[in-house]
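The values are calculated or read from the model by the stated rules, or taken from the named source; none is laboratory data. This structure is a prediction, so every number in the text was calculated from the model and none was measured. Virtual Cβ from ideal backbone geometry, glycine too; neighbours counted across all protein chains shown. What goes into the accessible areas is simple: the full protein's heavy atoms, side chains included, and nothing from ligands, DNA or RNA. Shrake-Rupley method; radii C 1.70, N 1.55, O 1.52, S 1.80 Å.
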Amino acid sequence: MTMQRRNLLQGAAALAAFGLAGCATTSVPSKARVLVVGGGYGGATAAKYIRLLSDYKIEVVLVEPEEAFVSCPMSNLVLGGSRQLGELTVGFGALQSKHGITVVRDRVAGIDAVKKTATLASGPVISYDKLVLSPGIELMWDSVTGLKEANAAGQILQAWKAGPETQALRRQLESMPDGGVYAITIPEAPYRCPPGPYERASVIAGYFKQAKPKSKVLILDANPDVTSKAGLFKKVWAEQYKGIVEYRSQHKAVAVDAKTGTVKFEVQDDVKADVLNVLPSMRAGAIAVQSGLANSNGRWVNVNYRNFESTAAKDIHVLGDAIQVAPAMPKSGHMANSHAKVAAAAIVAELNGWEINPAPMLTNTCYSFVNAREVIHVASVHEYVAAEKTFKAVAGSGGLSSAPNELEGTYAWNWARTIWADSLA
Ligand SMILES: Cc1cc2nc3c(=O)[nH]c(=O)nc-3n(C[C@H](O)[C@H](O)[C@H](O)COP(=O)(O)OP(=O)(O)OC[C@H]3O[C@@H](n4cnc5c(N)ncnc54)[C@H](O)[C@@H]3O)c2cc1C
């Protein structure tokens, strides 16, 4: 039996020991319990830091349906063929064995914010003093006619959550003939990871340049311009991928025809491609929407930025991609990790009756590969501005690469290994 499997089984046993198995609702324990929903960049970090900051006194239960954490950052390299998914996968075992978190492999199917309980898909009901929700994003299939069916048939993939779809899209690229066209469509911002689609297009162009030089990459963007590191990406396409990458703005995809490999746009002419990678609009993960927490246009969750508590429900703290962002705040893994630390500190303070930090800070760095080795980055620091009740980028903080370079390729991998250890080890 693997260590991870053993830990998850121990988690299930621990859940039973707490009286959480079965359908009965447990009473609120004398010891405070935080229930964390989602073990991605936001949730895993929050679970670990609540344990650390409470000196291991607050009980933490983490519910996550996946067997292991698979990182979206770096997953574009799997599409380019230079890395394998296994290199981006980390188990949840250490959260359990080192940090005493009860990891439950299940999905939260419902939240009752009044009774302060969550119901798991398999039946048990868990009570909480505080709930941390970091469910990531849900793809809005209805925003592109025919896309849901094309995805279900395995014909048009998204791979916007790293996992088996990433590998399936890689196989489509491998079987595409030289001289073929790969097209990626980008929805209007905000969406998960602003530079992610441009990184993907660049890395795939790098693969084509080596393995299928007659092939093309088409970037069909609903936005008026490249939404992140625009100057740097455009320079790379002009210098490294001339004749391979073509960028078209103002292309909002509205329908697909999987049989003919066609995308239709709101205004522009149809486009045909051999491999279509259509990214629809996005919103907060389904559980946030179903629970009535997505009170910003029915898509994102408004939070009080001092403690990340939902403005729709007391004692539910929402992190990561699911929230309505503050100005210049990207939907990124680094940002979700930063949210988690601010929220964890606030939750520990509130459960102990202490004052919460009046001036929290957040940081962000997004590294983007432009081929298998060279990287560009953008970084920023964000401070809570009490008078405006929001986060704002600190003037003069952060920065941008001057040009792609291999040294930053090393930094990018160090960033990834460090943040995975920070969240999960
Ligand atoms: C191709 C690509 C490249 C990227 N590159 C970068 C990068 O270089 N740097 C960077 O900082 N960010 C990057 N990102 C963005 C980053 O992946 C996200 O911003 C980050 O994952 C957000 O964290 P999260 O906790 O909100 O969501 P996630 O990390 O997606 O975690 C959500 C978790 O919640 C679980 N979940 C969902 N619903 C339920 C439920 N009902 N019950 C229990 N669990 C549930 C899911 O299984 C999942 O594990 C990239 C994204 C993509 C797609």
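How large is the convex hull of the Cα atoms of the stretch 274-425 per residue, expressed in Å³ as a whole number? Please list the in-between numbers first.
Values: hull volume 23.7 nm³, N = 152.
It comes to 156 Å³ per residue, whole-number rounded.
At 7 Å along Cα-to-Cβ for each site, give me the label-to-label distance between GLU246 and GLU66 in nm.
Each label point is offset 7 Å from its Cα along the Cβ direction, giving 3.5 nm.
Sort 159-165, 103-109, 259-265, 283-289 by the packing proxy (mean of other Cβ within 10 Å over each peptide's residues), most packed first.
283-289, 103-109, 159-165, 259-265
Starting from the coordinates of the alpha-carbon atoms of the chain, obtain the Kirkwood hydrodynamic radius over all distinct pairs and give the value in Å to one decimal.
By the Kirkwood definition, the hydrodynamic radius is 22.2 Å.
Return the calculated 222 nm mean residue ellipticity for the chain, to the nearest 500 deg cm²/dmol, obtained by summing -39500 (n - 2.57) across DSSP H runs with n ≥ 4 and dividing by the residue count.
-9000 deg cm²/dmol
Could you work out the Rg to Rh ratio of the stretch 79-120, with Rh taken as the Kirkwood radius (inverse of the mean 1/r over all Cα pairs)?
That ratio equals 1.21.
So for the chain: antiparallel DSSP bridges make up what percent, rounded to the nearest 5?
Of all bridge pairs located within the chain, approximately 55 percent are antiparallel.
Roughly what angle does helix 406-424 make with the longest principal axis of the chain, taking Cα atoms, 0 to 90 degrees, to the nearest 10?
Value to nearest ten degrees: 30.
Among 379-388, 122-131, 345-354, how do they line up from the highest to the lowest mean number of other beta-carbon atoms within 10 Å?
122-131, 345-354, 379-388
Carbon and sulfur together cover what percent of the accessible area of the chain at a 1.4 Å probe radius?
Of all accessible area on the chain, carbon and sulfur atoms account for 52 percent.
Name the residue, out of GLN172, GLN268, GLN240, whose mean-square fluctuation peaks in a Gaussian network model built on the chain with Cα pairs under 10 Å.
It is GLN268.
Using alpha carbons only, what's the Rg to Rh ratio of the stretch 319-391 with Rh from Kirkwood? Please list the in-between numbers first.
Numbers: Rg = 14.7 Å, Rh = 13.7 Å.
Result for the stretch 319-391 is an Rg/Rh of 1.07.
Comparing SER202, SER215, SER368, which has the greatest mean-square fluctuation in the GNM of the chain with Cα pairs linked when under 10 Å apart?
Answer for the Gaussian network model of the chain: SER215.
Which Rg and Dmax, in Å, describe the Cα atoms of the stretch 146-291?
14.8, 49
With axes computed from alpha carbons, what is the tilt in degrees of helix 196-211 against the longest principal axis of the chain, rounded to the nearest 10 within 0 to 90?
Helix 196-211 sits roughly 50 degrees off the main axis of the chain.
Please give the helix 41-53 orientation as an angle from the longest Cα principal axis of the chain, in degrees from 0 to 90, rounded to the nearest 10.
That works out to roughly 30 degrees.
Would you please put 244-253, 310-319, 223-232 in order of how densely packed they are, using the mean number of other Cβ atoms within 10 angstrom per residue and starting with the highest?
Peptide ranking by packing, descending: 310-319, 244-253, 223-232.
Report, largest value first, the span of the C-alpha coordinates of the stretch 265-310 along each principal axis, in whole Å.
That gives 46, 21, 20 Å along the principal axes, largest extent first.
What is the magnitude of the charge dipole of the chain about its Cα centre, with +1 placed on the Cβ of each Lys and Arg, -1 on the Cβ of each Asp and Glu, and no other charges, expressed in debye to the nearest 20?
420
In whole Å, largest first, what are the principal axis extents of the Cα atoms in the stretch 150-197?
33, 23, 17 Å, listed from the longest principal axis down.
Given a Förster distance of 30 angstrom, what is the FRET efficiency for VAL114 paired with TRP354, based on the Cβ-Cβ distance and rounded to 0.05?
Numbers: r = 26 Å, r/R0 = 0.86.
Computed FRET efficiency for VAL114 and TRP354: 0.70.
Which listed residue (LEU218, THR45, VAL263) has the Cα farthest towards the positive end of the charge dipole for the chain, taking +1 on Lys and Arg C-beta and -1 on Asp and Glu C-beta about the Cα centre?
Working it through, the farthest residue towards the positive pole turns out to be THR45.
Heavy-atom accessible area per residue, the chain, 1.4 Å probe: how many Å²?
Per residue, the chain has 41 Å² of solvent-accessible surface.
Once you charge only the Cβ atoms, +1 for Lys and Arg and -1 for Asp and Glu, what is the size of the charge dipole of the stretch 104-254 about its Cα centre, to the nearest 20 debye?
In debye, rounded to 20, the stretch 104-254 gives about 340.
How big is the stretch 185-241 on each of its three principal axes, counting only the C-alpha atoms and giving the largest first in Å?
34, 19, 16
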